[in-house]
């Protein structure tokens, strides 16, 4: 019995060290343009309710610049990290912070990618302190690896934020 526990413990330690050896720091810088599609919420203000309009009142398109830092697993094909970015919806500025998950299903130089971002963003619009809402983005695209560490990617998808649905087009560099 003691020998079985000892062997299990040794196997656990060896597998843990092997997994740690395959985990490494990785970062990405990306910029993108978000095309406004439609509002996800329609308000009918009640009498006496002070309503200053939708968060993106004029159905503005947006742009972003983001830095994402995290860890890669599974030979660099699975990435998880935290992103922080600057937003500008045609003059309405803001910030975003989110968890970022990306998967490259193939190990080739050119591979498809699947991306999910879940978090929060805040814009300084017509409301006194601005408005903050969820930031949910799903995207697919193509990744080109220059080598094991550096790559370039493009992706498109769906972004739901600030009571709106937008189509983001993104260009990024991984390091």
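What follows draws every value from the coordinates through simple rules; no lab data is involved. Remember, it's a predicted structure, so these values are computed and weren't measured experimentally. We place every Cβ from the backbone using ideal geometry, glycine too, and count neighbours over all the protein chains shown.
The table below gives the values:
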item: Extent along principal axes [Cα atoms of the chain; Å; largest to smallest]; result: 76, 42, 21
item: Neighbour-count order for 174, 77, fewest beta carbons within 10 angstrom listed first; result: 77, 174
item: Mean separation of Cα contacts under 8 Å, 6 or more apart, over the residue count of the chain: relative contact order %; result: 22 percent
item: Residue-averaged [θ]222 nm for the chain, counting only DSSP H segments that reach four residues, each worth -39500 (n - 2.57); result: -4000 deg cm²/dmol
item: Relative packing of peptides 53-61, 156-164 - highest average C-beta neighbours within 10 Å first; result: 156-164, 53-61
item: Per-residue Cβ neighbour rank within 10 angstrom, fewest leading, 49, 146, 36, 138; result: 49, 146, 138, 36
item: Residues 145, 52, sorted so that the one with the fewest Cβ neighbours within 10 Å comes first; result: 52, 145
item: Degrees between helix 2-22 axis and first principal axis of the chain (Cα, 0 to 90, nearest 10); result: 50 degrees
item: Separation of alpha-carbon centers, the stretch 49-99 and the stretch 139-167, rounded to whole Å; result: 12 Å
